[in-house]
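K.L.:
The structure that follows is given in the form of structure tokens.
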Amino acid sequence: MALRRVWGAVRLSWQLTKLLHVFPDEDHFETRIKLSEFDYLQASPHAQAALAEQYAGLPFES
Amino acid sequence: MERTQVAIIGGGPAGMLLSHLLHLDGIESVVVERQTKAHVLKRIRAGVLEWGTVRLLREAGLGERMDREGHAHDGSFIAWEDREPFLINTVEHCGKPMFSYGQTAITEELYRIRERDGGRIVDEAENVRLLDIAGDAPKVAFEKAGRSNTLVCDFIAGCDGFHGVSRQSIPAGVLRTFERAYPFGWLGIMSETPPVGDIIYARHERGFALASRRNPMLSRYYIQCDPGTEISEWPDDRFWEELKRRFPTEIAQKIVTGPSIEKSIAPLRSFVAEPMRYGRLLLAGDAAHIVPPTGAKGLNLAVSDGIAP
């Protein structure tokens, strides 16, 4: 079951990495999509809660 | 031939914490580390702990220095050019603060406590091999100072990092790996300057930047860089200038610059190996999985791996 927490952290790290970095092949469309994701996160308590839950860390499993 | 219950390969935080937790449960272990102890303690890595990690370290008797030097905060900010930043508020949404405290300090404490408790740690172990991991009496063979040694044990814990021998000892037909490499790295510096108050992630058209901290007089900053860049191309002045350009003006103005005491470039990678257990071998920490540092999850996974088996 440890793998569930592992994959949760892998997914969050991947998602934040994609959102926050500038990729060499990033086009204007993708930049706007990312900006829209930021605007949504910034404005939505629900979106922030979901991000906070994952950032705070998924449960330790044994 | 030496007998122990658990042979732990790797004396980083995953292996040392596991050794300590096993000791608390009355289980004997031997840690086998390829590098010198001094080298292990020189590594500068993670710095943000989940609340679950903080609680586990406290319960394991590692809280005293952590609570003295560490710093609880409400989460991290995300800034985006000239837009208003927002806080990923883990206290408001989850009732759990985040905690700034360096991996280097955790590892130092683990070495101090394991040595105090008489834990056996073999450093500078060369040519480490895992033998008979599918059977009931697995072994770890290695050379130390020119002499051959063999540990016979009940279990082997592979805590020897991404490049370690443990994961590679799982048969190719059993092991599945999942990987994503990223086309950039992080250039990081440590500076003995007061950090900006918060942990702040910034996205900017010039690239990502991160403001972090280790203690009230130790700042940690990163900028996204080209994978091929050399540290020599980044004197301190150039780093500070680039860093400040990537944060919104009000934040950039709060950054206190000073000489760097450490500067390094890290690649970014996502990697998962499955399964984490094969026969009598269990993988933990970077041996089993790598995350890019963006989510501050690597050390927190290494800690929870320590209780998973």
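The values are calculated or read from the model by the stated rules, or taken from the named source; none is laboratory data. Everything quoted here is computed from the prediction, not taken from an experiment. So basically every Cβ, Gly included, is an ideal-geometry build from the backbone, and we count neighbours across all protein chains shown. Ligands, DNA and RNA are excluded from the accessible area calculation, which covers all protein heavy atoms including side chains. Shrake-Rupley method; radii C 1.70, N 1.55, O 1.52, S 1.80 Å.
K.L.:
Using only Cα atoms, tell me the angle between helix B:103-116 and the longest principal axis of chain B; keep it within 0 to 90° and round to the nearest 10.
P.N.:
30
K.L.:
Using θ = phi - 60° and the Karplus form 6.51 cos²θ - 1.76 cosθ + 1.60, what ³J(HN,Hα) does each residue of the stretch A:22-31 get, whole Hz, x for Gly and Pro?
P.N.:
Computed from phi, the couplings for the stretch A:22-31 are 9, 8, x, 9, 6, 9, 4, 4, 5, 4 Hz.
K.L.:
Against the longest principal axis of chain B, how steep is helix B:236-246, in degrees 0 to 90 to the nearest 10, with axes from Cα atoms?
P.N.:
With rounding to tens, the tilt is 70 degrees.
K.L.:
Within chain B, what whole-number % of the accessible surface is contributed by carbon and sulfur, with the 1.4 Å probe and all protein chains included in the calculation? Let's see the in-between values first.
P.N.:
On the way: 6260 of 13150 Å².
Result for chain B: 48 percent of the exposed heavy-atom area is carbon or sulfur.
K.L.:
Can you work out the PRE-style zone for B:Ala266? Point 7 Å along Cα to Cβ, and I want the residues of the stretch B:182-205 with backbone N under 17 Å.
P.N.:
B:182-191, B:199-202
K.L.:
Compute the signed sum of charges (Lys and Arg +1, Asp and Glu -1) over the other residues within less than 12 Å, Cβ to Cβ, of B:Glu108.
P.N.:
For residues surrounding B:Glu108, the net value is +3.
K.L.:
Compute the accessible area per residue over the stretch B:156-292, keeping the other protein chains in place, probe 1.4 Å, unit Å².
P.N.:
Normalised by residue count, the accessible surface of the stretch B:156-292 is 42 Å².
K.L.:
A further question on this structure: What accessible area, summed over both chains, is buried at the B-A interface (1.4 Å probe, Å², nearest 100)?
P.N.:
It comes to approximately 4000 Å² buried between B and A.
K.L.:
May I ask you to give the solvent-accessible area per residue for chain A, in square angstrom, as obtained with a 1.4 angstrom probe?
P.N.:
54
K.L.:
Something else now. So, R0 is 22 Å and r is the distance between the beta-carbons of B:Arg55 and B:Glu28; what FRET efficiency does that work out to, to 0.05?
P.N.:
Once the sixth-power term is evaluated, E becomes 0.30.
K.L.:
Here's another thing I want to ask about it. Per residue of B:290-303, how many C-beta atoms from partner chains lie within 10 Å of its own C-beta, taken as a mean?
P.N.:
Taking the mean over all residues of the peptide, I get 6.
K.L.:
Let me ask something additional. Relative contact order of chain A: what whole-number percent is it, with Cα pairs under 8 angstrom and at least 6 residues apart?
P.N.:
Reported as a whole number, the value is 66 percent.
K.L.:
When chain B is treated as a GNM, springs tying every alpha-carbon pair under 10 Å, which of B:Ser100, B:Ser76, B:Ser264 comes out with the largest mean-square fluctuation?
P.N.:
Checking each option, the largest mean-square fluctuation is seen for B:Ser264.
K.L.:
Jot down the radius of gyration and Dmax of the stretch B:120-272, Cα atoms only, both in angstrom.
P.N.:
Taking only Cα atoms of the stretch B:120-272, I get Rg and Dmax of 21.6, 62 Å.
K.L.:
Within the set of other residues whose C-beta is less than 11 Å from the C-beta of B:Asp198, count the net charge using Lys and Arg as +1 and Asp and Glu as -1.
P.N.:
+1
K.L.:
So, in the protein assembly as shown, how many Lys pairs have Cα atoms under 19 Å apart, if the pair is 8 or more places apart or on different chains?
P.N.:
7
K.L.:
Now for a different question. Over all residues in B:260-271, what is the mean tally of Cβ atoms on other chains that come within 10 Å of each residue's Cβ?
P.N.:
Mean shielding by partner chains, rounded to a whole number: 1.
K.L.:
Residues of the stretch B:257-295 with amide nitrogen under 19 Å from the 7 Å Cα-to-Cβ point of B:Asp154?
P.N.:
Under 19 Å, as judged by backbone N against the label point of B:Asp154, lie B:277-284 of the stretch B:257-295.
K.L.:
Send over a whole-number figure in Å² for the accessible area per residue of the stretch B:40-83, probe 1.4 Å.
P.N.:
Dividing the accessible area of the stretch B:40-83 by its residue count gives 47 Å².
K.L.:
Which residues does a label at B:Thr249 reach in the stretch B:50-88, if reach means a backbone N under 18 Å from a point 7 Å past the Cα toward the Cβ?
P.N.:
Residues B:79-85 fall inside that zone.
K.L.:
Who wins for biggest fluctuation among B:His289, B:His71, B:His204 in a Gaussian network model of chain B, springs between alpha carbons below 10 Å?
P.N.:
B:His204
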